[in-house]
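To start, the structure under review is shown below, and the notes come after it.
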């Protein structure tokens, strides 16, 4: 066991061993009652798969669960991360088989060159099994779960809960956890209503590198590199992410916002963007990722590697609350060495989530949904020292320094801003893009993402009415604003008085 301290995530390798459990899954989760706490989550917030693979395959059944085990502290001892002396089992209650719910195992040899046992995925994991140690955490990668339960094998249920049980080396149960294991088949170009058939897509494909539309099944990532699957593809073919986003740029005009994204990213029914950023603060996919043109352009012109170079929380939440530069949120650790997702949830499903299944774990642990903020869950007591992110109630000025250093100045008027009025914010010297304009309170909490407009004269303008992302009046005080278009930044502050 290691004492709570901030640490870095160790590299994770794929596990090739499989242990199928014969016992039935134990009953559902329970609140913390002993000295061990299991925190578990899905790495991406959503995994996708094709249900049918006979013609073409974008993604196979492949889901990941991550967990950390904590030995609870008390008034005299800090909590400890447990990395040895325990085993973690996983299962998906009510979802015990995948063969027949998808035809993947009929075409696994043709697509991936392996003849897998029934209900076993590409990493050797089944629908029940054990986690693999991965440094400061445990990981079960490649679980071949489908969005179809045994009770309703033709009705998609994208938000199912897995069951994770920690046991000591003698097999006694120590604790359990119920993470969501999300998966959807709403990625097919046919069910979205865009294409008449998968064969029609292949027939319309350019005949590059001797491509044969009749040599089925086709693994798209076989030619178009996909870091998600670890394929290098053919260099001239480009990343699959680039080709898809580039070819569908017209949706930026025809279906702006999440509606266009949901045509491929699950989906009209699944609506995988479901966390508090969307439901409580009105953010949409484009606020973090940009539109399709920007997603494709960042790969083609800026060398971005899809899946490995993605939006950062620190862009909006500043360095005090965000992940280290160059490191993805899903790989980052924070307070006591806990991974960020352990307390805040998975990307696209940041707590609290619209979907009840996402909130189950934290309700079990602390009695309510939302960020895991009850210190007693891990500490056993309320500590006297600083909490996550070095936060001390009443601290001010941290963000003020961050915004002013090396930044240009925003023109903001009027200031003070009084209730019922709006302030105009202007940045000069822009490169023709509206960029991102954020409002923070003095403690560094992001209050609002403002919609800005770029003018032909190199100015960017926006307005703020003194309301937060929920539409509520903010409290009296000083608010800090930061604008960034990727090359230039500017900052300023406004006093709000009700």
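The values are calculated or read from the model by the stated rules, or taken from the named source; none is laboratory data. For clarity, every value in this text was computed on a predicted model and none was experimentally measured. All Cβ positions, even for glycine, are placed from backbone atoms using ideal geometry, and neighbour counts span all protein chains on display.
Data for the structure
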item	result
Qualifying residue in segment 323-332 (condition: in contact with a strand residue (DSSP E or B) (Cβ under 9 Å, 6 or more places away or on another chain), over 28 Å from residue 434 (Cα atoms), modelled with pLDDT of 95 or more and not in a helix (DSSP H, G or I))	no
Given (1) assigned to a loop (DSSP other than H, G, I, E, B); (2) within 30 Å of the chain's Cα centre (by Cα), number of the condition residue 449 does not satisfy	(1)
Residue tally, condition under 19 Å from residue 416 (Cβ atoms) and touching a helix residue (DSSP H, G or I) at 6+ places or on another chain (Cβ under 9 Å), over segment 457-487	3
Index of the failed condition, residue 265 passing every other in (1) buried (at least 20 other Cβ atoms within 10 Å of the Cβ); (2) in contact with a helix residue (DSSP H, G or I) (Cβ under 7 Å, 6 or more places away or on another chain); (3) closer than 26 Å to residue 107 by Cα	(2)
Candidate set from segment 336-384 (those that are free of Cβ contacts under 8 Å to residues at least 40 places away in the same chain and surrounded by 21 or more Cβ atoms within 10 Å (Cβ to Cβ)); member that is nearest to residue 266 (Cα to Cα)	344
Filter result (surrounded by fewer than 16 Cβ atoms within 10 Å (Cβ to Cβ) and either assigned to a helix (DSSP H, G or I) or touching a helix residue (DSSP H, G or I) at 6+ places or on another chain (Cβ under 7 Å) (or both)) within segment 225-248	234, 235, 236, 247
Of all residues making up segment 295-322, the number that are surrounded by fewer than 19 Cβ atoms within 10 Å (Cβ to Cβ), assigned to a helix (DSSP H, G or I) and at pLDDT below 90	5
Out of 434, 490, sole residue that is buried (at least 16 other Cβ atoms within 10 Å of the Cβ) and in a strand (DSSP E or B)	490
Boolean, residue 150 is modelled with pLDDT of 95 or more and farther than 25 Å from residue 337 by Cα	yes
Residues located in segment 34-65, provided they are surrounded by 24 or more Cβ atoms within 10 Å (Cβ to Cβ), touching a helix residue (DSSP H, G or I) at 6+ places or on another chain (Cβ under 8 Å) and in a strand (DSSP E or B)	39, 40, 41, 57
Residue identified as in contact (Cβ under 8 Å) with a residue 12 or more places away in the chain and farther than 26 Å from residue 204 by Cβ among 316, 264	316
Filter result (at pLDDT below 80 and at positive phi) within segment 373-423	389, 390, 394, 397, 406
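This table checks each residue for (1) touching a strand residue (DSSP E or B) at 6+ places or on another chain (Cβ under 8 Å); (2) not assigned by TED's automatic domain parsing to the domain that holds residue 113.
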{"site": "180", "(1), (2)": "yes, no"}
{"site": "194", "(1), (2)": "no, yes"}
{"site": "200", "(1), (2)": "no, yes"}
{"site": "210", "(1), (2)": "no, yes"}
{"site": "216", "(1), (2)": "yes, yes"}
{"site": "220", "(1), (2)": "yes, yes"}
{"site": "228", "(1), (2)": "no, yes"}
{"site": "235", "(1), (2)": "no, yes"}
{"site": "241", "(1), (2)": "yes, yes"}
